[in-house]
Amino acid sequence: MFNTIETAKRIKDARLAQNMTQMALADAMGVSFQAVSNWERGNSMPDIGKLSQLCEVLDISLSDLLGDDRQETKIIDKLISKEPVTISEIAQVAPLASPEAVEKAVQDAEKSDKPAAVCDIVCLAPFLDAECLGRLAEKAADVSPKDLVALAPFLNGSTLDALVDRHGELDESTILSLSPFLSKEKLDQLAENYEKHDPSRLPALAPFLSKDTLDGIVSRMLENGSLSMDSLVPLLPFLSKDKLRGLAEQWENSK
């Protein structure tokens, strides 16, 4: 990915060389003063559609702006020239690429017999719709639990459930990271044997479980002694009324 700080300095230096203010550059580019300010601070980059115009206004070449020995510069040049790019190439410049360019690269990748690399899919995730991302991820052969966690916020629930099924049992840290994005049914299934794991992590998982599943986990953990009454307190808001009544009766009888 581009070093935005280096590019920011080049934009500022080129603007000063033209004796232009930030406001004058903004007017010439048809963007806000804040946009130019963000470019020069490295907070954002001009999108690909603006790069040719920016180079013309500043009287510099694309390689002067982005760095002549960078692979990304060559990819940007191909995109500006409307040349086809691979999904691996588009992943390197996704924040700058137009949605149309990203979609075209993904469509070409989907036609290929070779699945996209998982690292490229992860890079593209914020720039693809959930359906398109799901197709790429399902076609990939080596999506690790770590990759699942990175992709989860961008996938729809059914696709994430299917990808989780490939892995069988996941460790509790991965389950917790995926819990806001999995279907309740899939999360219940993964959590059924949760009493084998660290009970201190259960309160973080509880809001995403069905009451029946959480009731069962709590019952088993209380029976085997892995859950103390103190550890039970954070779980109380998520238990069923029947379970709460049973625990209250159990507590009364133990006095």
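Read-outs throughout are calculated quantities, based only on the coordinates presented, and are distinct from any laboratory measurement. This is a predicted model, so every value here is computed, not measured. When we count neighbours, we look across all protein chains shown, and the Cβ atoms used for this are built from the backbone with ideal geometry, even at glycine.
Structure data summary
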quantity: Expected 222 nm ellipticity per residue - DSSP helices of 4 or more, -39500 (n - 2.57), all of the chain, to 500; calculated: -17500 deg cm²/dmol
quantity: Listed candidates (1) 18.0; (2) 11.8; (3) 15.1 - label of the one calculated as mean projected area of the Cα convex hull in nm²; calculated: (1)
quantity: Simple label model, 7 Å out from Cα along Cβ direction - Thr4 to Ser240, nm; calculated: 5.0 nm
quantity: Leu16/Ala117 FRET efficiency (R0 35 Å; Cβ-Cβ; nearest 0.05); calculated: 0.30
quantity: Within the chain: Cβ-based charge dipole about Cα centre, in debye rounded to nearest 20 (Lys, Arg +1; Asp, Glu -1); calculated: 440 debye
quantity: Kyte-Doolittle mean at least 0.0, axial Cα span of 15 Å or more - DSSP H helices of the chain; calculated: 48-58
quantity: Theoretical gain in end-to-end length, Arg220 to Asp64 [0.36 nm per residue, Cα-Cα removed]; calculated: 49.6 nm
quantity: Space enclosed by the convex hull of the alpha-carbon atoms of the stretch 38-168, per residue, Å³; calculated: 118 Å³
quantity: Leading residue at positive end of dipole, the chain (Cβ point charges), from Asn3, Ala204, Leu16; calculated: Leu16
quantity: Too-long pairs where the Cα-Cα distance tops 26 Å, listed order kept, from Lys104/Lys186; Lys78/Lys111; Lys50/Lys104; calculated: Lys104/Lys186
quantity: Positive-pole candidate from Ala94, Leu232, Phe127, dipole of the chain, charges at beta carbon; calculated: Leu232
